[in-house]
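Here's the structure, in structure tokens; my notes come after.
Laboratory data are not the source of any read-out in this text; all were calculated from the coordinates shown. Worth saying up front: this structure is predicted, and the values here are computed from it rather than measured. Neighbour counts run over all protein chains shown; Cβ positions are idealised from the backbone, glycine included.
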């Protein structure tokens, strides 16, 4: 057992400040354990989000010593000695204490054109593991929104939220565009309204991803190539016309017998 | 007082797998739908499900079919199940799994491109559709994305306090508050579907999140529905035991399905010593036989590590009690010596990270220390199998909050499929109820005001108790007195203590503002938690036998007399602490053609 000083940002949309708490820290504990101890003793009204406490739901993202992390997966004994600072995610408006208004992300989710698969054969679709593995990587996303928090396109320029979907949604678009059953085409939307071009591949999103999704390399860069090629390259333009035709016959592809 | 108010045809409380599936169904039938969730969308406890969803698709073992699944479910539930729910579930889950792929789910595949299925405890064949060990995430994300694409209204971080009736006693809506502002909000509806999940947060060592406070169980009881089988609580055999701060955190049964075995401190695979008579014919007798089974189910019988969860949890408990436990009071779960590191990382990626990051244990080279953790409540709101209708008119229930489907013990993998099978049926049931026309009128304003006053009372008291102290004491008491092994004197003591907890809740003092105040939120959770604990304790006291998730030290055997009925609880619906009345509710009589399935397989 040890004592640790936690400097937690307390306040709301009107402002606030750091408050210091001296708390017990037991072996093996994570930051969220210590925050819970503050709630149970000194400050029952200390606001923070959490659900699973196992790194699976993505609710408890905050900035620990300035770095976006899940509070439930950050062990106290990995942090440098001395006071630990916990602040809410900077990119989103404050609701109270460590809780921010992440509705921007849910608004973006509403804009995503859904999967459009061919009609399902009676005994289900056929898809092969090698064709779904990449999509599965993106579907590991737990929606902690730390990639959105750390992306400087919106972190430093509030106004960009109007026309920029952010890394979380670029992996969502990439997943749909690479989905073996999808017949929707979102390329113009991604280029014109989702602001893919604003991303200049600094990989900050990849670095903070708690699921270790290679957001930049596996989603954003291929998506950029796909979107840009389609728009500027006359060969790709022709290819797109052909591919579209192929996509229309995806129905047949889905019911192909197994090799 | 006037509050923010919304009206819907169907109001759904809870946004986990069952709630979202119900919403899709109601929406597809042209009804207006509102979904309420205590958390953000996509964070419900469904996300924690790891191993998979059970459906007899026969993709790996063509011999599998709904009849075998039905039989496995009934045997796993120790025949306390609502047979009709088990039947519908076994028949309909394959279609419910397949339709998820139309909405974007990407399950792991077989070599010929079908959905891959994995082995789990109590299932005769490899039956669980899965995505590595994060199947719950895949399920909730798929349903969430479908619901959003349909333009459904979702009210996030809204905590429901009470269901409200109309003048004729039909459920007509609810009163809630917005956690972000602390403002009250009311919802009127022609039908209400409860999909609020479980109640495990009242135990100290639990795999449940803060949300598992049994709100739905309690609100249904208060609104005139019955609760059944509340004593049947599943303690999952494999929760983490160290470090203490993550004690109870789930370790998927998939570890055992994929070849992991349990060993005691002497290195012995002890499960061979704990095979109950009803499972002997189908369980391997030697390690050699068991090990063949993983590769070919016809070459040997099932390893005893894959017995139903209640059997395994009791065995672990007995080993630890006998002094053959690990340094931190669990047993070892070993996959490191049994499968290659690359296989483990591919099949069990979340487990690998969970142990690496939280316990500093590399599961590809070391054994895990695990022990039982409170995981799931089989008991819940009594429903009509086909429609999910409860005894309270206009109220439906699906998912963990509903009772009957799993009997005295749930098989792993049967929960995710339960959510989508009965989520859909609840949506249908609500739609039919509305179509019949006899729906609720305006909400009873007195009930709204009473709920608001009760919620605000903790702010007004001059002095009082911190709700966190009450929660901690409740968890410790329930863990000690109404845990995995129970006995009369401890249960009687629990009943007395629960009365004392009731009084303490009436003396809570909440500090701070109403906006996003977790202390206040907990204060509003506690009446539900205590109500549920009372029903559990009453059921556990009355059931003088051991069956499934209910084990009595003083009545260690199963008594066939107790297999004829469920204990059903109700109240007069006055205050939250009104007396609970408990009756025997006879099990549905099973038709001969289904009885034969159980007989044949014995």
* To do: Compare the peptides A:53-63, B:435-445, B:231-241 by average per-residue count of other Cβ atoms within 10 angstrom and give them in order, highest first.
  => B:231-241, A:53-63, B:435-445
* Largest-first principal axis extents, alpha carbons of the protein assembly as shown, Å -> 79, 71, 64
* Structure fact -> Given B:25-37, B:552-564, the highest-first ranking by average Cβ count within 10 Å works out to B:25-37, B:552-564
* Asked: In nm, to one decimal, how far is the modelled label at residue B:583 from the one at residue B:278, with both set 7 Å along Cα→Cβ?
  -> 2.7
* Structure fact -> The FRET efficiency for residue A:20 and residue A:123, from their Cβ-Cβ distance with R0 = 45 Å and rounded to 0.05, is 0.15
* Asked: Mind checking the log10 I(q)/I(0) for the range B:498-581 at q = 0.24 Å⁻¹? Debye, one equal scatterer per Cα, no solvent, two decimals.
  -> -1.13
* To do: From other protein chains only, count the Cβ atoms within 10 Å of every residue's Cβ in B:98-109, then give the mean.
  => 6
* Value in Å of the Kirkwood radius, where the range A:27-138 supplies the Cα pairs that are averaged -> 17.1
* To do: Provide a whole-number value for the mean count of partner chain Cβ atoms within 10 Å of the Cβ atoms in peptide A:74-83.
  => 1
* Between residue B:563 and residue B:6, what is the label-to-label distance in nm when each label sits 7 Å out along the Cα-to-Cβ direction? -> 4.7
* Asked: When DSSP assigns beta bridges and you keep just the ones with both residues in chain B, what percent turn out antiparallel, to the nearest 5?
  -> 65
* For the range B:155-282, taking Cα atoms only, what is the radius of gyration to one decimal and the Dmax to the nearest whole Å? -> 21.0, 66
* Structure fact -> Helix-only [θ] at 222 nm, chain A, -39500 (n - 2.57) per DSSP H run of 4+, per residue, nearest 500, equals -9500 deg cm²/dmol
* Asked: How high is the FRET efficiency from residue B:449 to residue B:469, r the C-beta distance, R0 41 Å, rounded to 0.05?
  -> 0.90
* Using only Cα atoms, tell me the angle between helix B:83-102 and the longest principal axis of chain B; keep it within 0 to 90° and round to the nearest 10. => 90
* Asked: Counting pairs of Cα atoms in chain B, how many percent are more than 40 Å apart?
  -> 21
* Helical contribution to [θ] at 222 nm, DSSP H n ≥ 4, -39,500 (n - 2.57), averaged over chain B, rounded to 500 -> -11500 deg cm²/dmol
* Nearest-ten-degree value, helix B:17-28 long axis tilted from longest Cα axis of chain B -> 60
* To do: Could you please tell me the mean projected area of the C-alpha convex hull for chain A, averaged over all directions and given in square nanometres to one decimal?
  => 16.9
* **Pairwise FRET efficiency - residue A:160 versus residue A:221, Cβ, R0 = 22 Å, nearest 0.05** => 0.65
* Report, in degrees rounded to the nearest 10, the 0 to 90 angle that the Cα long axis of helix B:467-481 makes with the longest principal axis of chain B. => 40
